[in-house]
Amino acid sequence: MSARKVLCCVSMLLASSAMLVGADLSGEMWFGLGLDDDTLFTAFDVGMDVRYTIGGIELGSTSILTFPGLWIWQDFGARGTAGAFDWQTNVLFGPSTADYLYAEAIAAFSLGAVDIAIHGANISSAVVDGPADGGAIRLAGSIGSMDVVLISELGARIEDDDFGGMTMVHAATGLEYHFATDPIVFGQGFTGQKATVGGFSLGRCDDLTATVYMSCVGFEYASFTAEGIDLGLPWLKGDVTLSFETETKSLTLEPTIAVGTMLCLTPYLALSTPTAPYIIEDIMVVGFEFAATWNGVTVRDVTVLDSARYAITTETSGSQFMSKAMAFDKGYGIYSDYFEMLSLEVVRGGGCCGGESRFLANVYFDGQSFQLFDWGMVYTSFELPINERLHAGLAVSASQNGLELFYVTTRIRW
């Protein structure tokens, strides 16, 4: 598809939006320019998100293009309320290849004290994981002080604390598009049941959560999490997670040492790799994190000591210390080659523009080097509100191989 045809289609979308007389029209448009040290331009991305409300129904259209001549994604969505039901739908197309890619529908309502959400989704054969379709039913309510969530999977998983929903990645550009419902099989039928009970207290812990997950082939895992355990000292709290799978079990301990209101140290503890099923020899330190915040400035140091099982997630995934298995389940990107990250973030807000400026600098150290602190990569980003409707941004990363990313963005809201 030529650039002229792409621009023509975008113009038609703008024109059709403008013809909606009486609609409450809003949206934003962004431009991104990528450079590297080999070629002048690696990407010129254009995105447009248009939202308009008619009679209580919000209609939306999201277009993502990269030049020259590639219209990656076109999403159409709608949401609204019909009586006691809240509903939303999304349909995603790949216009450059004339492919239908994904469709999702969600309906939510309350029945007494129980909140019910019904999810349905389908992906086509044009997607790597397709074709697949399925649904899920989520029931949530309270029994006294306890919160209970039941998720019945009928061919689909939905985004929660354990599963990351559906993230679609465009192979040629690396751009991502995310949805809450992830169809995992082709056809219908029961595929899994998840039960979570939380919000109750026991002893010195005020927040206990228990989760059991079973699939159509049998037991998958059970986990027990205690957050904010009172260890008898005002500066020491602890989180612990005990997980059981079919042939393994794991224990994660996260005691948090707080010095005043600004400094925090979190060692990550876990069981050593079993020498035989259910035989644990010791508890080992697999990583730690230091964080200090003062007046909008945050300094963090995250270190991975067990790089076989743990890693630091990418910036778009929050730069978190996480097990590789959990990152895979959530669809998060990780830096498997770097064992330590030193981060500086500065946030300033409350200006005349009504927004906030943000500066981030992450320095990563090579985990394959024989030296203790051998620089591996640096990532920096900067966001600045020009006025209430115009924002500018810059992201740069460089490694020992040279410039990895140089991306300039401009975002316009109306």
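The values are calculated or read from the model by the stated rules, or taken from the named source; none is laboratory data. Predicted model, so just to flag it, every value in this text is computed and none were measured. Every residue, glycine as well, gets a Cβ built from its backbone with ideal geometry; the counts of neighbours run over all protein chains shown.
Search the range 155-181 for residues that are closer than 14 Å to Gly130 by Cβ and pair each with any residue that is basic (Lys, Arg) when their beta-carbon atoms are under 8 Å apart and the residues are at least 6 apart or on different chains.
Close Cβ pairs (under 8 Å, with a partner that is basic (Lys, Arg)) amount to Thr181/Arg157.
Output the qualifying pairs, or none if there are none: Cβ atoms under 6 angstrom, residues six or more apart or on different chains, first residue in the range 208-221 and more than 19 Å from Thr241 (Cα to Cα), second residue of a type in the set (Ser, Thr, Tyr).
If the second residue must be of a type in the set (Ser, Thr, Tyr), the pairs left are Cys216/Thr191.
For the subset of the range 57-75 comprising residues that are among the hydrophobic types (A, V, I, L, M, F, W, C), out of contact with any Gly (no Cβ under 7 Å at 6 or more places or on another chain) and more than 17 Å from Ala171 (Cβ to Cβ), which member is modelled with the lowest pLDDT?
It comes out as Phe67.
Within the range 66-75, take every residue that is touching a residue at least 40 places away in the same chain (Cβ under 8 Å) and assigned to a strand (DSSP E or B) and give me the one that is surrounded by the fewest Cβ atoms within 10 Å (Cβ to Cβ).
Filtering the range 66-75 for residues that are touching a residue at least 40 places away in the same chain (Cβ under 8 Å) and assigned to a strand (DSSP E or B), the one surrounded by the fewest Cβ atoms within 10 Å (Cβ to Cβ) comes out as Phe67.
Conditions tested, residue by residue: (1) farther than 23 Å from Thr66 by Cβ; (2) loosely packed, with under 13 Cβ neighbours inside 10 Å.
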residue	(1), (2)
Gly77	no, no
Ala82	yes, yes
Thr89	yes, no
Phe93	no, no
Ala98	no, yes
Ala103	yes, no
Ala108	yes, no
Val114	yes, no
Ala117	yes, no
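Just to be sure before I move on: is Ala325 within 20 Å of the chain's Cα centre (by Cα), aliphatic (A, V, I, L, M) and not in a strand (DSSP E or B) in the structure I sent?
So Ala325 fits the description; yes.
For every residue, the table says whether it meets (1) in a loop (DSSP other than H, G, I, E, B); (2) in contact with a Gly (Cβ under 7 Å, 6 or more places away or on another chain); (3) without any contact (Cβ under 8 Å) to a residue 60 or more places away in the chain.
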| position | (1), (2), (3) |
| --- | --- |
| Phe365 | no, yes, yes |
| Gln368 | yes, no, yes |
| Val378 | no, no, yes |
| Leu384 | no, no, yes |
| Ala398 | no, no, yes |
| Phe406 | no, yes, no |
| Thr409 | no, yes, no |
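What strands (runs of 3 or more DSSP E) completely inside the range 122-176 contain at least 2 residues that are more than 20 Å from the chain's Cα centre (by Cα) and more than 30 Å from Phe67 (Cβ to Cβ)? Please lay out each step first, then the result.
Numbers: elements: 132-143, 146-154, 156-158, 166-169.
The qualifying strands (runs of 3 or more DSSP E) are 132-143, 146-154.
Hey, among the residues in the range 376-414 that are touching an Asp or Glu at 6+ places or on another chain (Cβ under 8 Å), of a type in the set (Phe, Trp, Tyr) and buried (at least 16 other Cβ atoms within 10 Å of the Cβ), which one's modelled with the highest pLDDT?
The qualifying residue modelled with the highest pLDDT is Tyr379.
Can you name the residue in the range 306-338 that is of a type in the set (A, V, I, L, M, F, W, C) and modelled with pLDDT under 90 and is also surrounded by the fewest Cβ atoms within 10 Å (Cβ to Cβ) among such residues?
Among residues in the range 306-338 that are of a type in the set (A, V, I, L, M, F, W, C) and modelled with pLDDT under 90, the one surrounded by the fewest Cβ atoms within 10 Å (Cβ to Cβ) is Ala308.
Taking the range 100-116, which residues are part of a strand (DSSP E or B) and farther than 20 Å from Val185 by Cα?
Selection gives Ala107, Ala108, Phe109, Ser110, Leu111, Val114, Asp115, Ile116.
List every residue pair whose Cβ atoms sit under 6 Å apart, with the two residues 6 or more apart in sequence or on different chains, where the first one lies in the range 46-63 and is in contact (Cβ under 8 Å) with a residue 40 or more places away in the chain and the second, anywhere, is assigned to a strand (DSSP E or B).
Filtered contacts from the range 46-63: Ser61/Val50; Ser61/Phe76; Ser63/Met48; Ser63/Gln74.
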